[in-house]
Amino acid sequence: MFVRKKKNRSGTISVVVVDKSGGRFREIKKFGVAASVSEADALCERARQWVRRYGGQLELDFDGIDKTDDDIRYALSHVSKFLLNASQSILGRVYDSIGFGQIDDDVLRHLVIARVCEPQSKLATSAYLKSYFDEDVSHFRIYRYMDKLYSTQQEEVQRISVEHTRKILGGEIGLMFYDVTTLYFERAPGGEDDIRQSGFSKDGKTAEAQIVLGLLVSKDGYPLAYSIFNGSQYEGFTMIPVIDDFVRRFSLDDFVVVADSGLMSTKNIKLLRAAQYKYVIGARIKNESSDIKEWILSLPKDDKNTYEYVKQNGDRLIVSYSEKRARKDAHNRQKGVERLKKAFKSEKITKDKINRRGYNKFLEITKDVRVTISQDKIDEDARWDGLKGYITNTSLDAEDVISKYTGLWVVERAFRISKGNLEMRPIFHFTERRIEAHICICFMAYKVYKELQRVLPEYGIDMSVNRVLDIAKTIPTVYVDMPNGSKLKHTLFLTEEQRKIKPLLGEK
């Protein structure tokens, strides 16, 4: 592509841009007719600028001060594509920074990024990928892919996640937090099977089949590993197999397991000790022996004080007291009692309400199914207000033990993000392969979400992940067909908020 000056019979000079391809010359753009040499030189300079801009450059800058109205009109009249794909670009960069790009798999990449951007059914995801990212991934292809993902990528995904977590934590995992949740299914023909079964639902979906998901995360909530169990599995039986498998696969030897009291049984503690794992777990202080309970209730209730008791097996029982927790315990109990008074003001109980859950423990049920609220039981319960126990076999000081246990909120937050932002449930798949593939995709999506959350402060961006993605979804990218057959791409940052997240797309 070059600039040509043509002398006309009238003595004027025409300036045009000419392209030579296949041995033939073709006029691309006319820049006008000059009556003098100086005017012709000026037109030639404009033409050369146009060639530099459109002959090889692959980015447009509509804000540049040297752009002419003709340039902008040309660009706008030759737009071939208009996409809202900035969120794809941002998350794609994060996806690769984690190391998931090592898995040479475009479909997996699209499904993970779409799960973070706009979690939907697989049919709706296919339409979303086409409309916003111009990616052709049919839902039939997605379903076939999920059948393959079941047995090929899960191990590699967790390995990459662990390696990346080790890197950002300075080389060691250190703390490992474990917890479980339940994921329910939409009703479907066939009912229950080996994995979809009824059980205690943490979502209150007692009529739906479910699975149990065990999740292991590091300090600050970075996901390490997960396992799926059938929906009727007792959650206390899930922890040891997950930890044993994780330790074996990644050769860990210096870590502390942190878990809630709901996962602890005498058997689990024995297994942890037998494997020589260090642990910090919640204590069920009301279920301790009478001697220990008497010791606990005799402790001075001074705010933020901690006390220790060495158990027969060598474990340390640490008990703390908090005035704030005491007020909360009293408030919750009062609310529970008020609900009982309202529900049982007739002093009769129906069959569906005969259980020992929650504050029903304060009810005394006689043979004629008449109930009263026991003040003695209420008073006994009040003696435990503000007390919280922890069991550990480490040599950490009491404050450090409590601090590490308090970190369990990172697992709860992981479940909230996965169930809420990423819409991990309800699950609409009904074969074991697709169920496991769905969980794998959601696990990767949570890892990408957490990594974006981690790097935002490094870019000086004081926003939540959700806010950043909401803004990114409004940033347009235009593609312009150029005369030489190339395509120019330009992302438009039109508002101040859009410009704030510009660095996430690799833009200065």
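The values are calculated or read from the model by the stated rules, or taken from the named source; none is laboratory data. Because the structure is predicted, anything quoted here is derived from the model rather than measured. Here the Cβ is made from the backbone with ideal geometry for all residues, glycine too, and neighbour counts use every protein chain on show. Heads up: the accessible areas ignore ligands, DNA and RNA and are worked out on the full protein's heavy atoms, side chains in. Shrake-Rupley method; radii C 1.70, N 1.55, O 1.52, S 1.80 Å.
Rg (Å, one decimal) plus Dmax (Å, integer) for the alpha carbons of the range 246-310?
15.2, 46
Mind listing the phi-derived Karplus ³J(HN,Hα) values for the range 27-36, rounded to whole Hz, using 6.51, -1.76 and 1.60 with θ = phi - 60°, and x for any glycine or proline?
Result, rounded to whole Hz: 6, 8, 8, 9, 10, x, 10, 10, 8, 9.
So, in nm, how far is label THR266 from label SER395 when the simple model puts each one 7 Å beyond its Cα toward the Cβ?
The modelled label-to-label distance comes out at 3.0 nm.
Tell me the relative contact order for the range 249-321 as a rounded percent, counting alpha carbon contacts under 8 Å between residues six or more apart.
23
Quick check on my link table: of LYS148/LYS450; LYS202/LYS328; LYS286/LYS335; LYS377/LYS404, which ones sit more than 29 Å apart, alpha carbon to alpha carbon?
Values: LYS148/LYS450 26 Å; LYS202/LYS328 22 Å; LYS286/LYS335 21 Å; LYS377/LYS404 33 Å.
Correct reply: LYS377/LYS404.
What net charge do the residues around ARG249 carry, taking every other residue with its C-beta under 11 Å from that of ARG249, with Lys and Arg at +1 and Asp and Glu at -1?
On the way: positive: ARG159, ARG248; negative: GLU155, ASP244, ASP245.
Overall, the nearby charge balance is -1.
At a threshold of 8 angstrom on Cα-Cα distance, excluding pairs fewer than six apart, so keeping six or more, what relative contact order does the chain reach in percent?
Values: 741 pairs, mean separation 97.7, N = 508.
That works out to 19 percent.
First compute the accessible area of the chain with a 1.4 Å probe, then give the percent of it belonging to carbon and sulfur atoms.
Details: 12510 of 26190 Å².
Carbon-and-sulfur percentage of accessible area, whole number: 48.
Using only the alpha carbon atoms of the range 384-508, find the Kirkwood hydrodynamic radius as the inverse mean reciprocal pair distance, in angstroms to one decimal. Write out the running numbers ahead of the final one.
Details: mean 1/r = 0.0525 Å⁻¹.
Result for the range 384-508, one decimal place: 19.1 Å.
Principal axis extents for the range 159-313, Cα atoms only, whole Å, descending order, please.
Computed over the Cα atoms, the extents are 58, 41, 31 Å.
Considering only protein heavy atoms, what per residue accessible area in square angstrom results for the chain with a 1.4 angstrom probe? Walk me through the numbers on the way to the answer.
Numbers: 26190 Å² over 508 residues.
Heavy-atom accessible area per residue stands at 52 Å².
I need the phi-derived Karplus couplings for the range 383-389: 6.51 cos²θ - 1.76 cosθ + 1.60, θ = phi - 60°, integer Hz, Gly and Pro marked x.
With the stated coefficients, the range 383-389 comes to 5, 9, 4, x, 9, 9, x Hz.
Could you work out the local net charge near ASP481, counting Lys and Arg as +1, Asp and Glu as -1, over the other residues with Cβ closer than 13 Å to its Cβ? Spell out each step's value before the answer.
Values: positive: LYS81, LYS487, LYS489; negative: none.
Every neighbour counted, the sum reads +3.
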